[in-house]
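Here the structure comes first, spelled out in structure tokens, and everything after it is commentary.
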Amino acid sequence: MAQHAEGFFDNRERFRDADMATRAVHVGLDPDRETGSVVPPIYQTSTYMQDSIGHGRHGYEYGRMSNPTRDALQVSLASLENGAAALSFGSGLAAEDALLRTLLKPGDTVVSGNDVYGGTHRLIAKIWGEWGVNSVETDLSDVDLARGVIEEAQPRLVWIETPTNPMMQISDVAALAEIAHQSGALVVVDNTFASPVLQQPISLGADFVVHSTTKYLGGHSDVVGGAVVLATDEYEDQLWFSQYAMGAISSPFDCWLTLRGIKTLGVRVQRHSENAQQLAEWLAQHPRIDQVYYPGLSSHPGHEVAAKQMHGGFGGMVSVAVAGGEQAARTFAESTKLFVLGESLGGVESLINYPSEMTHASVKGTPLAVPLNVVRLSVGIEGVADLQADLAQALDQI
């Protein structure tokens, strides 16, 4: 059985009918029962005193097995995604690897999108491929195409990102989940871009949700982490054992930082989305931009599906195809002053990224390669007029 807090921090029932913003502030985060501290302490410990041999207090025995701060985060994550349970990992890819290790065996197939995050593709195709796992990529934004591929491949897993990174493709989670389940496959949704504020994959039929908590959940570019949320408790013990046996845990301090970030998730994502929508509409009219990839635009091919399964906005991620090709895109990405040229996304500050040489360099030269004129924007919560002025002056450098 998974070793965790045995209800010590699990106050989900009390907030079951509460708004997500309320749950983000309170679930897993009751004031410390000993001192009344409104902010629960960081349990920075590697081991615990046992009340008797083999009987740890409240189920705690050793740090790799469980930790109160990690348990608090896991309770919070499960609540936000309306899941039965959640596990917190040292990075998003560590979370993905543990899930794959739990569910796959040699000969199994994973069907994923043809715009899947480069690190996910590298993990499935290059690492797990060496252990006999087959990787099939297709356009999951095309339900009819996806149906044919899934029915032919008979996969163990269907791996969905929506919106995708970085081309912002939209997949119909409910439709794909139905198709996958009819073929006997389990469904994983990477909900990092949308965050649980905007999208609830489990309610749409997903069996698992994965996150890079480094991004919107942490929200401040100061912590690296990952998570798996389970729709039911069927695989909880197996996944916990994989984590325990391999040691891919998140540290108490990293969990505390993530919990701190989650408290403001709702207001941050709202501002991210508002800023991104305004910038996307402006960029769509700019003569130096050939195309804007943002599901909040009515011109986006996935706009109707996104509007159906995303609520309260379309997120803070915008990608653009720059007129003039590769060199123009590079010049644009290197000319901003407020947008920081860097990896990652989802922090309060705005970032600009050239995917082909940065986040998606691992798929360069493959069918999953990102077009050389594409630049990705992680729109922060700064004043939108300042952000627009910065992009304008950078485009003027082309």
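The values are calculated or read from the model by the stated rules, or taken from the named source; none is laboratory data. Small disclaimer: the values here were computed from a predicted structure and weren't measured. Note that we place each Cβ from the backbone using ideal geometry, even for glycine, and neighbour counts take in every protein chain shown. Areas reflect the complete protein model, heavy atoms only, side chains present, ligands, DNA and RNA absent. Shrake-Rupley method; radii C 1.70, N 1.55, O 1.52, S 1.80 Å.
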*According to the square roots a ≥ b ≥ c of the eigenvalues of the Cα gyration tensor, what is the shape class of the stretch 150-233, taking rounded for a/c under 1.5, prolate for a/b larger than b/c otherwise, and oblate for the remainder?*
prolate
*Within straight cross-link reach of Lys126, meaning Cα distance under 21 Å, which lysines are found once same-chain residues fewer than 8 apart are removed?*
Lys105, Lys364
*Can you send over the solvent-accessible area of Arg101, 1.4 Å probe, protein chains only, in Å² to the nearest 10?*
110
*asked:* Modelling each spin label as a point 7 Å along the Cα-to-Cβ direction, I'd like the Gln278/Thr35 distance in nm, to one decimal.
replied: 4.1
*How much accessible area per residue does the stretch 51-114 have, in Å², with a 1.4 Å probe?*
32
*Give the distance, in whole Å, between the Cα centre of the stretch 153-184 and the Cα centre of the stretch 187-229.*
15
*Lys215: which lysines have alpha carbons under 22 Å from its alpha carbon, excluding same-chain residues fewer than 8 sequence positions away?*
Lys263, Lys337
_Carbon and sulfur %, accessible surface of the chain computed with the full protein complex present, 1.4 Å_ = 51
*With every protein chain left in place, what is the accessible area of Ile381 in Å² (1.4 Å probe, nearest 10)?*
60
*How much area per residue is accessible in the stretch 143-184 when the probe is 1.4 Å and only protein heavy atoms are counted (Å²)?*
36
*Solvent-accessible heavy-atom area per residue, rounded to whole Å², over the stretch 194-318 at 1.4 Å*: 38
*asked:* Suppose we keep just the DSSP beta bridges with both residues in the chain; what percent of those would be antiparallel, to 5?
replied: 60
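Rounded to two decimals, what ratio of Rg to Rh does the chain give with C-alpha atoms and a Kirkwood Rh?
Working: Rg = 21.0 Å, Rh = 21.5 Å.
Ratio value, two decimals: 0.98.
So what's the net charge close to Gln393: Lys and Arg +1, Asp and Glu -1, counting the other residues with Cβ under 14 Å from its Cβ? Can you show the working numbers first?
On the way: positive: Arg288, Lys337; negative: Glu334, Asp386, Asp390, Asp396.
Its environment carries a net charge of -2.
Helix-derived [θ] at 222 nm for the chain: sum -39500 (n - 2.57) over DSSP H runs of at least 4, divide by residue count, nearest 500?
Details: 13 runs with 129 residues, N = 398.
Value at 222 nm, helices only, nearest 500: -9500 deg cm²/dmol.
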